[in-house]
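Enquirer: Take a look at this one; I'll ask things after.
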Amino acid sequence: MNKISSLPQQTPSVVDLAKISERELLNLRICDLPLNLEGTWLQECIQDLYQELEQRQLIFKPICYLADEWLTPEGEPVVGIPFYLAHPTLTRLEKKMMLEAEGETKEWCMKLLRHETGHAICYAYELHKEKKWQEIFGSPDQEYPETYRFKLYSKNYVRHLEGSYAQYHPEEDFVETFAVWLTPHLDWQKQYQGWKAIQKLNYVDHVMHMIKGKPPLVKKGRKFWHYRTLKVTLENFYKKKKYYLAEDFPDFHDDNLKKIFAQKEQPEEGLLATVFIKKYKKKIIHTVSNWTGEKKYIIHDVLKAIYQRCRALKLICFETESVTLLNILTYTTTLIMNYIYTGWYRGERKRRKK
C-alpha cells in the first residue's frame, strides 16, 4: 500500500463529530478536529488514483494530506485535500455554508485528484522548466490573475474541470491536459480529433512515456496549509472564506428589477416577486452556475440581494412565470459574468495550484 501521509497519527479526540451540535462544531478549531485520511472513502479514491498511475507505468505517486482546500503548494509534489471531505458532518457543514462541497462525490473527487496530481508530477519531474513545455503551454512564471476571461467553446484547450479552467494559466493548461490524458477509458485521441488541444495531449503523452519507470527528481514536498496547523475556529474559517471569495453588490439592482417586475399598487395585486424567487431559487442557482462556472454560494448571495430589493420595493410579477424566469435568469447571469470579467473580487489569493 502506498504511503498517504507521513505525519504521525493524531491522539484520539473525545469529540464525536457524528453527535456534536452545530454550535459546538463551529466553536472548534480546525486543528482540533479528529480527522485522518486512513479508513475514509478518500483513501479509496487515492488508491484508485495510484492504480491509474501504475497502469501508465508511472512510478510517482503524490503524498496526499488534509488541507483547508484543494491545492498543490507551489513547487511541492504533494496534494492537499479539503478537510471537510474527511467526515460527513463536516461535508454537510461545508454545503450549508458554501452551498456545495467541492469534490463530495467519487467522480468529482477523482477529477480533482487527477488535476492536482498534474501539478504534483510537474513539480516532481520539473517538467515546467523544459523549453518545449513552455513553447506549448507558455511561461509558468506568468502571474495568476484574480479572475480570467475564457472562450467557452475554444478548441485550443481540453475540457476537464468546469469553468474552462485550462484557460486560467499555463500551468493549469498543462494540468488539465494531463488530467484528461490520465482519465481511464477516455479515448482522448477520438474526442479531441481536429482540436488544436490534441497537440498538447500528444505532448503530454510523449512526456509521460519518457518519464515512465523513472523516479521523480523531487521526491519530498512540504505540506503547506495542513489542517493540523489551522488554529482558526470553523466559524471564523467560514466567515473569512465567504469574505475572501465573495463581494457585496451595491444597490444598483432597482432600475433593472423594475424592468422585470412591477411595483405593487393594490393589496391583492399579482404574485409577489419574493414568492417567485423563492419558488425558482434552486433552478436559478443551478442554471446560472452551470452556464457561468461560478460557485453556487456566490450566485446565492446575488439572488439574496435581488430578493431583498424586491421585498423593499414591493415588486410583483406582471409577465407569465416562464417569461419572468427567463428575464431573471438573464439578469443574474449578466451580473455573474460581469463579476468574472471585471475582477470584482476581494483579497489577494495565495498562489496555489488548484
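The values are calculated or read from the model by the stated rules, or taken from the named source; none is laboratory data. This is a predicted model, so every value here is computed, not measured. Counting neighbours? That spans all protein chains shown, and the Cβs are built from the backbone with ideal geometry, glycine included.
Enquirer: Find all pairs meeting these conditions: Cβ atoms under 8 angstrom apart; at least six residues apart or on different chains; first residue within segment 182-197 and closer than 17 Å to residue 137 by Cβ; second residue acidic (Asp, Glu) and not in a loop (DSSP other than H, G, I, E, B).
Expert: 182/52
Enquirer: Another question, then. Please specify each residue of segment 203-227 satisfying the condition of being surrounded by 18 or more Cβ atoms within 10 Å (Cβ to Cβ) and either under 20 Å from residue 57 (Cβ atoms) or within 22 Å of the chain's Cα centre (by Cα) (or both).
Expert: 203, 204, 207, 208, 211, 216, 223, 224, 226, 227
Every residue, every condition in (1) of a type in the set (Ser, Thr, Tyr); (2) in a helix (DSSP H, G or I); (3) outside the structural domain of residue 160 (by TED's automatic domain parsing); (4) surrounded by fewer than 16 Cβ atoms within 10 Å (Cβ to Cβ), yes or no:
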| site | (1), (2), (3), (4) |
| --- | --- |
| 289 | yes, yes, yes, no |
| 308 | no, yes, yes, yes |
| 323 | no, yes, yes, yes |
| 331 | yes, yes, yes, no |
| 336 | no, yes, yes, no |
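Enquirer: Among the residues that make up segment 221-231, is at least one of them part of a loop (DSSP other than H, G, I, E, B) and at pLDDT below 90?
Expert: No.
Conditions (1) out of contact with any helix residue (DSSP H, G or I) (no Cβ under 7 Å at 6 or more places or on another chain); (2) part of a helix (DSSP H, G or I), marked per residue:
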position	(1), (2)
136	no, yes
156	no, no
161	no, no
172	no, yes
175	no, yes
180	no, yes
206	yes, yes
218	no, no
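Enquirer: Could you please find all residues in segment 43-66 being among the aliphatic types (A, V, I, L, M) and within 15 Å of residue 214 (Cα to Cα)?
Expert: Listed by number, the residues that qualify are 53, 58, 59.
Enquirer: Moving on. Could you check segment 75-94 and list, in sequence order, the residues that are over 23 Å from residue 114 (Cα atoms) and within 15 Å of the chain's Cα centre (by Cα)?
Expert: Scanning segment 75-94 gives no hits.
Rundown of residues vs (1) at pLDDT 95 or above; (2) of a type in the set (Asp, Glu); (3) crowded, with 20+ Cβ neighbours inside 10 Å, yes/no style:
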| position | (1), (2), (3) |
| --- | --- |
| 8 | no, no, no |
| 19 | no, no, no |
| 35 | yes, no, yes |
| 51 | yes, no, no |
| 74 | no, yes, no |
| 78 | yes, no, yes |
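Enquirer: Moving on. Being of a type in the set (A, V, I, L, M, F, W, C) and in a helix (DSSP H, G or I) is the filter; apply it to segment 185-204 and report the residue that is farthest from residue 171 (Cα to Cα).
Expert: So the residue we want is 188.
Conditions (1) within 19 Å of the chain's Cα centre (by Cα); (2) at pLDDT 95 or above, marked per residue:
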position	(1), (2)
283	no, yes
289	yes, no
301	yes, no
312	no, no
353	yes, no
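Enquirer: Another question, if that's okay. Determine the pairs where a residue that is more than 20 Å from residue 330 (Cα to Cα) and not assigned by TED's automatic domain parsing to the domain that holds residue 324, located within segment 259-278, has a partner that is small (Gly, Ala, Ser) and surrounded by fewer than 18 Cβ atoms within 10 Å (Cβ to Cβ) with Cβ atoms under 8 Å apart, the partner being 6 or more residues away or on another chain.
Expert: Close Cβ pairs satisfying both conditions: none exist.
Enquirer: Additional query: Taking the criterion of being small (Gly, Ala, Ser) and outside any loop (DSSP other than H, G, I, E, B), would at least one residue in segment 105-118 satisfy it?
Expert: Yes - at least one qualifying residue is present in segment 105-118.
Enquirer: Checking the structure you have, find out if any residue of segment 112-122 is among the small types (Gly, Ala, Ser), in contact with a strand residue (DSSP E or B) (Cβ under 9 Å, 6 or more places away or on another chain) and within 18 Å of residue 61 (Cα to Cα).
Expert: Yes, segment 112-122 has at least one match.
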